[in-house]
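Contents: one structure, followed by commentary.
The values are calculated or read from the model by the stated rules, or taken from the named source; none is laboratory data. What you see is a predicted model; the values in this text were computed from it and never measured. Methodologically, a virtual Cβ is constructed for each residue, glycine included, from the backbone with ideal geometry; neighbour enumeration extends over all protein chains shown. These accessible areas exclude ligands, DNA and RNA; they are computed on the full protein's heavy atoms, side chains included. Shrake-Rupley method; radii C 1.70, N 1.55, O 1.52, S 1.80 Å.
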Amino acid sequence: MSTILTYISINDGKIKRSSLEVLSRCNELAEKQGLESSALVVSDSVSGVVEELKKYGPAMIYTIENPVFKNHLNAPLLKALALSIETIKPRLLAFSSTESSKDILGALAANRGAAALADVSEFELTDSGAKAKRPVMASKVISSVEARDSLVLVTVRSGSYTAVENPVNSNIESIPFRIDDADLKINLKEIISATGDKIDLSEAETVVAAGRGVKDEEGRKLINELASVLGGAIGASRALTESGVYDPSLQIGQTGKVISPQLYIGIGISGAIQHVAGMANSKVIVAINKDPDAPIFDIADYGIVGDLYKVLPPFIDELKKVKQN
Ligand SMILES: Cc1cc2nc3c(=O)[nH]c(=O)nc-3n(C[C@H](O)[C@H](O)[C@H](O)COP(=O)(O)OP(=O)(O)OC[C@H]3O[C@@H](n4cnc5c(N)ncnc54)[C@H](O)[C@@H]3O)c2cc1C
């Protein structure tokens, strides 16, 4: 039976939510077209991941386990993916759009002579390949693209689909893999993490985003407190990353991270298109801004017009009360 395959991204031993979203979409397509939906785990340790993955419905789970996959390195990952394609022969290989899949997509497409559709927000199978919708130009334009090939690679923006639990008794198959030192032209010496153990912005369920309206230490304290009460991640507009107030890794937008949380709260952010390009996929958007004409209100589900320094303290107090009850 012809297979559509989802590559499962793992971070710190946990499956990325965005991969489960892509897998759920592939399950749906497979069911509709009488195909098999399979998942591929490439990791230094696969057992916990496989158990978790069975809850999300792949008929087959292929694994490649090797210590070299502890951290992302292009050369071994490329080798593992090329081998998986040779072994499984999928007609579509879908990834969530992550730093790692962006890094590997072009090389893998060239290596396998496959068509690639990058950073799509919707995708479908066709008789001759796949078609997709791609947001371009800071999401101002949605382009419609089609790839005609026996193998299509696709990377999918997080938040484009919903991860649906569907426990099954998946079959597991381990693909034998070996790598020699000679294959490793680059060695990873050290990972320097700017965000430390803070919540990963691109995977967070709740994001509290600060903009230029957050002017001082007092404002930043309010942002920290709100994020902590909600158990959310902190993000920022470019106005605050460029000025060095927040780390560049926290920037949301066209030249920053693309996020898709369940809840986004933008505070003192005007809603420039380059910022919106990174957060428009959020499920519920809340904006706090003193300017009633700020463009962010055009896309917000809920808006509070007011000075953030006056709005946030009672807002945080109320949230604390709700959480206590
Ligand atoms: C090529 C390019 C790429 C870019 N990429 C990005 C990107 O990835 N991400 C990004 O964010 N931007 C990006 N930008 C910049 C973008 O155009 C905007 O300049 C930026 O998003 C503005 O940030 P801001 O909303 O925080 O600031 P502003 O636009 O200055 O808005 C500040 C808002 O705070 C409100 N405010 C002020 N004081 C208070 C208060 N006390 N209480 C409540 N509200 C208050 C104001 O009413 C205003 O609406 C890019 C620009 C270019 C040209």
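Convex hull volume of the C-alpha atoms in segment 133-233, normalised per residue: 278 Å³. Shown here: the chain, whose C-alpha atoms stretch 60, 43, 40 Å along the first, second and third principal axes, sorted largest to smallest.
Please give the calculated 222 nm ellipticity per residue for the chain, where each DSSP H segment of at least 4 residues contributes -39500 (n - 2.57) and the sum is spread over every residue; nearest 500 deg cm²/dmol? Walk me through the numbers before you get to the answer.
Numbers: 9 runs with 97 residues, N = 325.
Mean residue ellipticity, 222 nm, calculated: -9000 deg cm²/dmol.
If the chain linking Glu31 and Glu124 were pulled fully straight, counting 0.36 nm for each residue of separation and taking away their Cα-Cα distance, it would gain 32.2 nm. For segment 270-325, trypsin sites (Lys or Arg not before Pro) meeting the loop criterion (DSSP other than H, G, I, E, B) and having at most 13 other Cβ atoms within 10 Å: Lys283. Solvent-accessible area per residue in segment 201-324 equals 47 Å², computed with a 1.4 angstrom probe and all protein chains kept.
For trypsin sites (Lys or Arg not before Pro), the sites in segment 142-207 that DSSP calls loop and that have at most 13 other Cβ atoms within 10 Å are Arg178, Lys185, Lys189.
Cα-based radius of gyration for segment 171-288, normalised by 2.2 N^0.38 Å, reads 1.34.
At an R0 of 41 angstrom, the distance between the Cβ atoms of Asp301 and Asp183 translates into a FRET efficiency of 0.25. Here Arg148 and Lys290 are evaluated by their C-beta separation; at R0 = 51 Å the FRET efficiency comes out at 0.45. Applying 0.36 nm per residue to the separation of Lys215 and Ser228 and subtracting their alpha-carbon distance, the gain on full extension is 2.7 nm.
Relative to the longest principal axis of the Cα atoms of the chain, the long axis of helix 99-112 makes an angle of roughly 30 degrees. The C-alpha atoms of the chain define a longest principal axis, and helix 217-230 lies at about 50 degrees to it.
Taking label points 7 Å from Cα along the Cα-to-Cβ direction, Glu99 and Leu319 give a separation of 2.6 nm. Taking only Cα atoms, what is the 0 to 90° angle, nearest 10, from helix 308-324's long axis to the longest principal axis of the chain? Roughly 60 degrees between the two axes.
How much of the accessible area of the chain, probe 1.4 Å, is carbon plus sulfur, in whole percent?
Using a 1.4 Å probe with all protein chains present, the chain comes out at 49 percent carbon and sulfur.
For the chain, the share of DSSP beta bridges that are antiparallel, to the nearest 5, is 25%. Legend: calculated FRET efficiency, Lys54 to Ile175, from the Cβ-Cβ distance at R0 = 25 Å, rounded to 0.05, equals 0.90.
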